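To keep things clear, I will list the structure first and then write my remarks on it.
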Amino acid sequence: MEEIEVVVAHQERATLRVGDVFLKIDTDQTRTEVEVEAMAMAPIPTPEVLWHKPPVLALAAVPGTALGRLGEPSTASPAAWAAAGAAARMLHDAPLPPWPGRSLDEIASHLDGECEWLVTNGVLPTDLVTRNRRVAEAALRPWTPVFTHGDLQITHVFVEGDEITGVIDWSEASQGDALFDLAILTLGHEEHLDDVVAGYGADVDLDVIRAWWSLRSLLAARWLIEHGFDPSSPGCEFDVLRSRM
């Protein structure tokens with residue numbers, strides 16, 4: 001019997017690894033259904049679905065290693081980062097999934113609530129939150145919806161050498177802003193932004209990507225804290241916010 005590795009576990013979901021099989025257990029079956037359908041639609045490498053018996057989804061491990069981790073230097077080559085940008089472009093050029101993403105009004109309202117919580121509870125200084133809230137405004141503009149992964153962080157992108165071998169965790173996939181995916185991919189790794197944009201192969205507004213860095217970090221802070229993660233770790237969300245000062 002293979003040893004069981006707890007990859008992530010909190011009140012909403014848990015992921016276990018047993019050998020080359022990942023077992024994902026989610027309290028929200030809508031997320032699991034989105035993940036299965038999105039992987040079937042995506043034109044880039046994704047994990048093989050072995051079986052799905054709610055609330056458990058079994059996936060085969062993808063080869064290779066993660067592009068990196070937030071708060072740690074990435075050992076992946078510039079070509080691997082460019083390949084991640086090219087994979088994002090391929091996804092964004094694919095037909096839209098049938099379900100919508102969050103509206104601008106929903107995002108703006110959520111952002112206001114999270115900023116208020118951060119200040120009221122003394123989690124971050126008021127000037128830091130205010131400055132990043134202003135930076136985030138650049139992301140809150142109309143965009144042409146594309147097929148977005150929705151959580152394209154570097155731990156979800158696997159590479160072998162300079163090639164993408166798989167992109168995992170599709171439960172947040174939806175119609176959305178292409179620059180949001182590029183921002184999440186490069187969050188905390190601004191030094192690789194040029195490589196990603198070169199691989200993406202299209203003109204992008206770097207100020208909007210930077211705005212999404214601020215917006216994402218402000219929105220994620222409370223969830224991370226309440227689920228046992230530490231956004232104040234070196235190189236993580238709070239450092240991203242400080243860098244905007």
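Odds and ends about this structure:
- Inter-probe distance in nm under a simple model that places probes 7 Å from Cα toward Cβ, at H10 and T75: 2.7 nm
- Considered as an equivalent ellipsoid built on the Cα gyration tensor, the chain has semi-axes of 27, 21, 19 Å, the largest given first.
- Accessible area of E2 in the full protein assembly, 1.4 Å probe (Å², nearest 10): 110 Å²
- Compactness of the stretch 123-169 as Cα Rg over 2.2 N^0.38 Å, two decimals: 1.74
- Solvent-accessible area per residue in the chain equals 48 Å², computed with a 1.4 angstrom probe and all protein chains kept.
- Cβ-based net charge around V18, under 9 Å, with every Lys or Arg adding one and every Asp or Glu removing one: -3
- Cα centroid separation - the stretch 76-115 against the stretch 177-205, whole Å: 10 Å
- Highest-fluctuation residue, S174, S232, S109 considered, GNM on the chain with Cα pairs under 10 Å: S109
- Nearest-10 value in Å² for the accessible area of C115, using the 1.4 Å probe: 20 Å²
- Local net charge near Y200, Cβ-Cβ under 11 Å (Lys/Arg +1, Asp/Glu -1): -4
- Candidates L59, L185, L104: whichever shows maximal mean-square fluctuation once the chain is modelled as a Gaussian network with Cα springs under 10 Å: L104
- Using the empirical formula 2.2 N^0.38 Å as the baseline, the Cα radius of gyration of the stretch 199-245 reaches a ratio of 1.34.
- Among R89, R222, R141, residue whose mean-square fluctuation peaks in a GNM of the chain (springs only between Cα atoms under 10 Å): R141
- Once both labels are positioned 7 Å from their Cα atoms along Cα-to-Cβ, the gap between S233 and D162 label points is 3.1 nm.
- Rounded if a/c under 1.5, otherwise prolate or oblate - the stretch 1-139, Cα gyration tensor axes: prolate
- Rolling a 1.4 angstrom probe over the chain with all protein chains present gives an accessible area of which 53% lies on carbon and sulfur atoms.
- Dividing the convex hull volume of the alpha carbon atoms of the stretch 1-44 by its residue count gives 89 Å³ per residue.
- When nucleic acids and ligands are ignored and a 1.4 Å probe is applied, H52 ends up with an accessible area of around 70 Å².
- One decimal place: the segment D194-V21 gains 58.8 nm when fully extended, by the rule 0.36 nm per residue minus the C-alpha distance.
The values are calculated or read from the model by the stated rules, or taken from the named source; none is laboratory data. The shown structure was predicted, so the numbers you read here are calculated from the model rather than taken from an experiment. Cβ: placed from backbone, ideal geometry, glycine included. Neighbour counts: every protein chain shown. SASA here: full protein model, heavy atoms, side chains in, ligands and nucleic acids out. Shrake-Rupley method; radii C 1.70, N 1.55, O 1.52, S 1.80 Å.
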